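Structure, as structure tokens:
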Amino acid sequence: MADAVADAADGASISRLTGGDRIDTAAQAARRVLGNPAAAPDGVTLVIANGWSAPDVGVAAALAAATDNAVVAYTAQDGLPEATAALIRDYRPTQVLIVGGRAAVADNVRTTITQTAPDSADIRRITGQTRTDTAARAARRILANL
């Protein structure tokens, strides 16, 4: 598979990120994008979604793609995994966007994020009445920033 990707990308160098689970792999990808925490860009935005909710992960990816210095991290519904908590501690984001309602990311997870993030971090939940409404709210946020 890697050879096919390299051929399609005109011989680009291919590397594989793997973690113990999807949360660890997402954290590794975020670290790859942001680089060394000591040299990370100012104004990091961490977009957090339930790693088992494909619609919310898609919304998180769109938000991160449209936001400077932003990456996606995953959480479980009922607890903040250590790999994601470590991203918050290491990169000290100025903004954390939580995608999805309480059924996707429980209030106790938001509380843990708030306790882990810098006091000055702007922590917001992007949610709607349905998955489609959540996506529409995220799209409006993206379009307003263009």
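Structure above, values below:
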read-out: Nearest-20 debye value, the chain charge dipole, Cβ charges on Lys, Arg, Asp, Glu; value: 420
read-out: Alpha carbon centroid spacing (whole Å) that separates the range 1-71 from the range 96-139; value: 19
read-out: Cβ-Cβ FRET estimate between THR114 and ALA9, R0 fixed at 41 Å, reported to 0.05; value: 0.55
read-out: Full-extension gain in nm, ALA29 to ALA54, via 0.36 nm per residue minus C-alpha separation; value: 7.3 nm
read-out: At most 14 other Cβ within 10 Å, DSSP loop - chymotrypsin sites (Phe, Trp or Tyr not before Pro), the range 15-110; value: TRP52
read-out: Global geometry of the range 34-90, whether rounded, prolate or oblate, following the gyration tensor of its Cα atoms and the 1.5 cut on a/c; value: oblate
read-out: Contour minus Cα-Cα distance for LEU17 and ILE123 (0.36 nm per residue); value: 35.4 nm
read-out: Amide hydrogen neighbours beyond the local backbone of THR75, cut-off 5 Å, H modeled; value: ALA49, ASN50, GLY51
read-out: Sparse-neighbourhood loop sites, trypsin sites (Lys or Arg not before Pro) in the range 13-115 - DSSP loop, at most 16 other Cβ within 10 angstrom; value: ARG16, ARG102
read-out: Under the Karplus curve 6.51 cos²θ - 1.76 cosθ + 1.60, θ = phi - 60°, whole-Hz ³J(HN,Hα) for the range 110-121, x wherever Gly or Pro sits; value: 4, 4, 5, 4, 4, 6, 8, 6, x, 4, 7, 5
read-out: Helix 82-91 vs. the chain, principal-axis angle (Cα, 0 to 90°, nearest 10); value: 90
read-out: Among VAL72, VAL96, THR130 the positive-end extreme of the charge dipole of the range 1-139 (Cβ point charges); value: THR130
read-out: With Cα atoms, 0 to 90° folded angle of helix 22-34 axis to the chain main axis; value: 80
read-out: 3J(HN,Hα) from dihedral phi, the range 67-72, Karplus parametrisation 6.51/-1.76/1.60, rounded to Hz, x for glycine, proline; value: 10, 4, 6, 10, 9, 9
read-out: Tensor-based shape of the range 94-146 (alpha-carbon gyration tensor, a/c under 1.5 rounded, otherwise prolate or oblate); value: oblate
read-out: Estimated inter-spin distance, ASN36 and ALA103, nm [label 7 Å along Cα→Cβ]; value: 4.6
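Each reported figure results from applying straightforward, stated rules to the coordinates on display, with no laboratory input. This one's a predicted model, so the numbers in the text were calculated from it and none came from an experiment. Because the Cβ atoms are built from the backbone with ideal geometry, glycine has one as well, and the counts that use them run over all protein chains shown.
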